[in-house]
Amino acid sequence: GGGPHRHPGPGPRGPAHGGLPALDRTATASVEVELASFADVEALVPAAITRRYPAPGTRDAEPSRLALVEFADPALPWLYSPEPPPGTPSRPWLVLVVGRETDGELTIESGGAQPEATLNPTLLARLPPLSRSHQWAHVQALAGDRIARVLAPLVLEPHTDYVAAVVPAFRAGAGGVVEDAWSPGEGSPVRLRAFASWRFRTGAADDFLALALALEPQPAPASLGRVTGRVARLP
């Protein structure tokens, strides 16, 4: 449970070899099988996502923390990724993007058969290239469990309404060639399937990091107790 649903359309084919025991001998044969790819994923079952940060509907999220999504299956972010070119890291087949709602950077349409996310040029201009998307996903081992986590690579701003969406990182181009879902600086809106989406708002920038940076040393009053101490020099 918790994995994606398979789209009924055909996926890439490949040979598979198997053996069948027949009394005192084994017969072998080669058959063609269909392999699911990122283009076959139609939707995620609700149990696939175990955590979203900031939580949907949050009104005072800390702007110094990145938005993220966690999955029940630690292999899910890479399960349907296309084979990477030699010498390059494997990239997740889905990514998390966040856009400013008031600017219309990211909009969600749920009226059709499947929800769709539209990434507008203002958001595409701010997103880092998808060639770095392997840096946005990792697996954490915690108390015997493994958690797959995908981060949104944009720093949040205070007092801002955001839309977050889990979208595919690849698309099938002409002739079935695998392409990045968008290109850096793409000038036209990009429409992608939205596997999950939610809204949240950030609060003031006075989170722990901002408060720590605001600390300034002050002279101690004469009434403060004093003691002579000795601190060894550290290497």
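The values are calculated or read from the model by the stated rules, or taken from the named source; none is laboratory data. None of these values were measured; they are calculated from a predicted model. Reconstructed Cβ throughout: ideal geometry from the backbone, glycine too, with neighbour counts over all protein chains shown. For the accessible areas, the whole protein counts, side chains as well, though only heavy atoms, and no ligand, DNA or RNA atoms are used. Shrake-Rupley method; radii C 1.70, N 1.55, O 1.52, S 1.80 Å.
So the values come out like this:
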{"read-out": "Extended-chain gain in nm, criterion 0.36 nm per residue less alpha-carbon gap, His138 and Asp73", "value": "22.2 nm"}
{"read-out": "Projected area, mean over directions - region 108-235, Cα convex hull, nm²", "value": "16.5"}
{"read-out": "Among Val177, Val97, His138 the positive-end extreme of the charge dipole of region 95-204 (Cβ point charges)", "value": "His138"}
{"read-out": "Förster radius 45 Å - calculated FRET efficiency between Asp180 and Arg230 (Cβ-Cβ, nearest 0.05)", "value": "0.15"}
{"read-out": "Phi to ³J(HN,Hα) by Karplus 6.51 cos²θ - 1.76 cosθ + 1.60 over region 227-232, Hz, x for Gly, Pro", "value": "8, 7, x, 9, 10, 5"}
{"read-out": "Unit charges on C-beta of K, R, D, E only; dipole of the chain, Debye", "value": "740"}
{"read-out": "Charged-residue dipole, Cβ positions (Lys, Arg, Asp, Glu), region 86-214 about Cα centre, Debye nearest 20", "value": "380"}
{"read-out": "Highest-first arrangement of 223-231, 117-125, 161-169, where packing means the average Cβ count within 10 Å", "value": "161-169, 117-125, 223-231"}
{"read-out": "Part-to-part distance (alpha-carbon centres) for region 213-235 and region 54-77, which is given in Å", "value": "40"}
{"read-out": "Whole-Å semi-axes of region 139-189's equivalent ellipsoid (Cα gyration tensor)", "value": "28, 22, 8"}
{"read-out": "Under Karplus coefficients 6.51, -1.76 and 1.60, residue-wise ³J(HN,Hα) of region 114-125 in Hz, glycine/proline x", "value": "10, x, 10, 10, 10, 9, 8, x, 4, 6, 4, 5"}
{"read-out": "Note, ³J(HN,Hα) from phi for region 170-184, Karplus 6.51, -1.76, 1.60, rounded to Hz, x at Gly and Pro", "value": "10, 9, 8, x, 4, x, x, 5, 7, 10, 5, 5, 8, 10, x"}
{"read-out": "Share of carbon and sulfur in the accessible heavy-atom surface of region 43-109 [1.4 Å probe, %]", "value": "53"}
{"read-out": "Solvent exposure of the chain as accessible area per residue, Å², 1.4 Å probe", "value": "60"}
{"read-out": "Equivalent ellipsoid semi-axes, the chain, via Cα gyration tensor eigenvalues times 5, rooted, Å", "value": "45, 26, 17"}
